[in-house]
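What follows is a set of notes on a single structure, which appears directly below.
The values are calculated or read from the model by the stated rules, or taken from the named source; none is laboratory data. Owing to the predicted nature of the structure, the values given are computational and were not obtained by experimental measurement. Glycine gets a Cβ as well: all are built from the backbone with ideal geometry, and neighbour counts include every protein chain shown.
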């Protein structure tokens, strides 16, 4: 379609130029011979008729309009031609020509349309008013084409009141999204000036290619290196083996190649997708750090329409690679300590913060280690303070399942399928725009060890169903073992990233194949994209703690300044907020830290009175307002209530059973419903309890009529469905 418009634009341009030259030739010499016209006989005939009926001025304006439209359509993409605007523009040209013809009678050869129109206007409204009407209608027609000409607006008081009411109602129904708070150019460090020649040595690559060919010849493998793809940390040599050579033979020689190349670890990829070659990845002697700013400047990131796109790294060929949480839709990150997991999460969060405001994307951060995600405390994108307690995290994940169900009910009511279609049509649906919710769990292993069954079930439900409602999970762990990354978790997280791991077993747990044990660390990763099972080797970008602090501090200052102005009045709070940030008191102001709360609140008040001493007389009121701020710091999001209406449901989820029953009774019942059979050994494995306690839980479930009696060595039957079990437990609460 674009190519057809280009061709049409070129043809229009040629015809317009022909008409323009013909008109100039005719106007300069109206009594010329037809063959003397620059446009020939055809140009003479067209020009003569145009000037006779439309005068000398109007045809030139119309032809110039055609030339400008044709040039614009060739060099820029026109998605839609606005015929109404073009019609208003031509109408404006008509009134302008009428105005000029009124004063310059020499613009007409004969009684053209403008002579007749001016005569008609003189007869109708006299000799004085026609030029005034022409000028007025010319300005109006140009205004309706879309040019920014401000005309005075005259309204009566009643109309003004009605308009104000309409505007207020629109603001209540629609939440206007402000522009992004920060620009990465201002807060990310300048890229170091490294010459590519210093990093990529051609002689080194050529020598390595010869060594690969020679070493493989020693093992009777003939072939040659076809191409070399240099990357920041690793260079890939594309090797074409001779006919009859088995790929498995080359794969088994990776350690021998590493010995000959004097390299740390070599990874052999065979075959390369869509190439029919063997990829041999060798670490560079001179390695280059990939900075996040370098990837954020690329067109792929800047021109993407997705709100959840972020730079994941650079391929072995040096090409930027971006991931989109909407397509994943959930993300599992695993690797040893210091391999680059936390930097990967920081890069993701920083790029999403730079791309979205808190009306578009919200975060729920779970950090059992208490230090990794503390930089983000206080940004308005958070739904609540950073969660650091494992039991609280388990309850919140169950609450997120409730949010998911509420969103699905809302979508079913409005007749939409997913969050994208809902947010596109929220004005037509007369409802609110829903933000994306990204849940990030930094250390999943600790969460599974402390609250395994309570976490695994809601996480599996979210992974299966939450994509359509805009809820996405990012889970990271440094211990990729089978008891942490269980079969349920693994099945629902098809998109995974493996950083460097100590053993082949860990690599198989994450990727279902070996390879992650041969990575270099420091951001070197294997990524399984959505829809495929073949891993892609990437090197992740680097972001410093100072850069993260600069971004988050700017966002916090902008948000908190606006919040404090709403509470205390129109003062400049920048210095006060900066002081709180530098003192590390933001977690107390947001309500995220309860330890020594009163002492720290007194310190916050002291800082406040240092900047605003006139307010010290109202200390009690200021304290009351500050305390209220700590409880309502983070802005609410639609359909994300922290209180479920059904109080009985909360009691069931929290397991508040009568003292004579085991606290794990509900969890055991849920496990049996999922497994469709009941046994003590199953409870021992899932709940990590001893045989005596598991047998006691079985007896209690049999007493309640949920499972059947023992049938020898066979597993017991489950007699009730989920709804019936929930009714039983409601009576027990």
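Here residue 536 fits the description: more than 21 Å from residue 439 (Cβ to Cβ) and within 24 Å of the chain's Cα centre (by Cα). If you go through region 318-326 one residue at a time, do you hit one that is within 18 Å of residue 478 (Cα to Cα), in the same structural domain as residue 517 (by TED's automatic domain parsing) and in a loop (DSSP other than H, G, I, E, B)? No, the conditions are met nowhere in region 318-326. Residues satisfying the criterion are present in region 588-611 (criterion: under 20 Å from residue 381 (Cβ atoms) and not in a loop (DSSP other than H, G, I, E, B)).
Taken over region 411-452, the criterion of being in a helix (DSSP H, G or I), under 20 Å from residue 326 (Cα atoms) and touching a helix residue (DSSP H, G or I) at 6+ places or on another chain (Cβ under 8 Å) is satisfied by 411, 419, 422.
When residue 441 is tested against the conditions (1) under 25 Å from residue 353 (Cα atoms); (2) free of Cβ contacts under 8 Å to residues at least 40 places away in the same chain, the lone failure is (2).
Out of 275, 285, 293, one residue alone is in a helix (DSSP H, G or I), closer than 30 Å to residue 204 by Cα and touching a residue at least 24 places away in the same chain (Cβ under 8 Å). It is 293. Beta carbons closer than 9 Å, at least 6 apart along the sequence or on distinct chains, pair a first residue in region 200-211 that is assigned by TED's automatic domain parsing to the domain that holds residue 228 with a second that is part of a helix (DSSP H, G or I) and surrounded by 15 or more Cβ atoms within 10 Å (Cβ to Cβ) for 208/261; 211/257; 211/260; 211/261.
Among the residues of region 199-257, the one identified as on the phi > 0 side of the Ramachandran plot and surrounded by 14 or more Cβ atoms within 10 Å (Cβ to Cβ) is 223.
Scoring residue 406 on the criteria (1) more than 30 Å from residue 519 (Cβ to Cβ); (2) over 20 Å from the mean Cα position of the chain (by Cα); (3) crowded, with 22+ Cβ neighbours inside 10 Å leaves a single failure, condition (3). Could you tell me whether residue 350 is more than 20 Å from the chain's Cα centre (by Cα), touching a residue at least 12 places away in the same chain (Cβ under 8 Å) and in a helix (DSSP H, G or I)? So residue 350 does not fit the description; no. Between 551, 543, the distinction of being within 18 Å of residue 357 (Cβ to Cβ) and buried (at least 18 other Cβ atoms within 10 Å of the Cβ) belongs to 551 only. More than 20 Å from residue 86 (Cβ to Cβ), in contact (Cβ under 8 Å) with a residue 12 or more places away in the chain, surrounded by fewer than 20 Cβ atoms within 10 Å (Cβ to Cβ) and touching a helix residue (DSSP H, G or I) at 6+ places or on another chain (Cβ under 6 Å): is that true of residue 38 in this structure? Spelling it out, residue 38 is indeed more than 20 Å from residue 86 (Cβ to Cβ), in contact (Cβ under 8 Å) with a residue 12 or more places away in the chain, surrounded by fewer than 20 Cβ atoms within 10 Å (Cβ to Cβ) and touching a helix residue (DSSP H, G or I) at 6+ places or on another chain (Cβ under 6 Å). Of all residues in region 446-493, none satisfies the criterion of being surrounded by fewer than 17 Cβ atoms within 10 Å (Cβ to Cβ) and touching a strand residue (DSSP E or B) at 6+ places or on another chain (Cβ under 6 Å).
Within region 659-674, the residues that satisfy the criterion of being free of Cβ contacts under 8 Å to residues at least 40 places away in the same chain and either farther than 19 Å from residue 729 by Cα or more than 42 Å from the chain's Cα centre (by Cα) (or both) are 659, 660, 662.
When you scan region 244-256, do you find a residue that is in contact (Cβ under 8 Å) with a residue 40 or more places away in the chain, under 37 Å from the mean Cα position of the chain (by Cα) and not assigned by TED's automatic domain parsing to the domain that holds residue 537, even just one? There is no residue in region 244-256 that is in contact (Cβ under 8 Å) with a residue 40 or more places away in the chain, under 37 Å from the mean Cα position of the chain (by Cα) and not assigned by TED's automatic domain parsing to the domain that holds residue 537. Residues in region 483-515 that are in a loop (DSSP other than H, G, I, E, B) and over 18 Å from residue 442 (Cα atoms) were compared, and the one that is nearest to the chain's Cα centre (by Cα) is 494. Taking the criterion of being in contact with a helix residue (DSSP H, G or I) (Cβ under 8 Å, 6 or more places away or on another chain) and within 27 Å of residue 295 (Cα to Cα), the residues of region 223-264 that qualify are 228, 230, 232, 235, 237. Does residue 492 count as in the same structural domain as residue 574 (by TED's automatic domain parsing) and either closer than 30 Å to residue 589 by Cβ or touching a helix residue (DSSP H, G or I) at 6+ places or on another chain (Cβ under 7 Å) (or both)? When the stated conditions are applied, residue 492 does not pass them.
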